[in-house]
1. Check whether at least one residue in the range 70-79 is among the hydroxyl-bearing types (S, T, Y), touching a Lys or Arg at 6+ places or on another chain (Cβ under 7 Å) and modelled with pLDDT of 95 or more, and report yes or no.
2. Out of everything in the range 6-47 that is among the charged types (D, E, K, R) and assigned to a strand (DSSP E or B), what residue ends up being farthest from the chain's Cα centre (by Cα)?
3. Evaluate the range 52-67: report whether one residue or more is in contact (Cβ under 8 Å) with a residue 40 or more places away in the chain and in a loop (DSSP other than H, G, I, E, B).
4. Of all residues in the range 68-98 being touching a residue at least 24 places away in the same chain (Cβ under 8 Å) and acidic (D, E), which is farthest from L23 (Cα to Cα)?
5. Quick one: H3 ticks every box in (1) part of a strand (DSSP E or B); (2) modelled with pLDDT of 95 or more; (3) of a type outside the set (D, E); (4) surrounded by fewer than 12 Cβ atoms within 10 Å (Cβ to Cβ) bar one, so which box is it?
6. Hey, does the range 79-87 have a residue that's in a helix (DSSP H, G or I), surrounded by 12 or more Cβ atoms within 10 Å (Cβ to Cβ) and either of a type in the set (D, E) or more than 11 Å from the chain's Cα centre (by Cα) (or both)?
Amino acid sequence: MGHSGLIHTLIDGVDEVELGYFLHPAYWHQGFATEAAGLGMSLAFNEYHIARLVSAINPANKPSIKVAERLGMKKEKTGTATVRSTSWLCDVYGITKT
């Protein structure tokens, strides 16, 4: 179906924990991304005691933006995300555990 999880991502040179979710198109628009990412968020906050999560989203990817917003994430800025040697322009959505 796809992947969802946590990964260390540099956002404008700052190490952040990113909540990522990628699904095969056959599974889009069925709530799976929101469910999987929500479970990842719960794991990060409640089991790993991570205080803050981000999602680095392509500004044109409106469905992923909606998932982030459904999870309570807010757009913080536009920046550059880097994982290993790959970088991309992204909108950064973040949430801090309350």
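The values are calculated or read from the model by the stated rules, or taken from the named source; none is laboratory data. Here the structure is a predicted model, which is why all the values come from computation and not from measurement. In this analysis, Cβ positions are derived from the backbone assuming ideal geometry, glycine residues included, and neighbour counts consider all displayed protein chains.
1. Filtering the range 70-79 for residues among the hydroxyl-bearing types (S, T, Y) gives 78.
Next, only the ones that are touching a Lys or Arg at 6+ places or on another chain (Cβ under 7 Å) stay: none.
No, the range 70-79 contains no residue that is among the hydroxyl-bearing types (S, T, Y), touching a Lys or Arg at 6+ places or on another chain (Cβ under 7 Å) and modelled with pLDDT of 95 or more.
2. Here the residue is D15.
3. There is no residue in the range 52-67 that is in contact (Cβ under 8 Å) with a residue 40 or more places away in the chain and in a loop (DSSP other than H, G, I, E, B).
4. D91
5. Exception for H3: condition (2).
6. Applying the first criterion (in a helix (DSSP H, G or I)) to the range 79-87 yields none.
No, the range 79-87 has no match at all.
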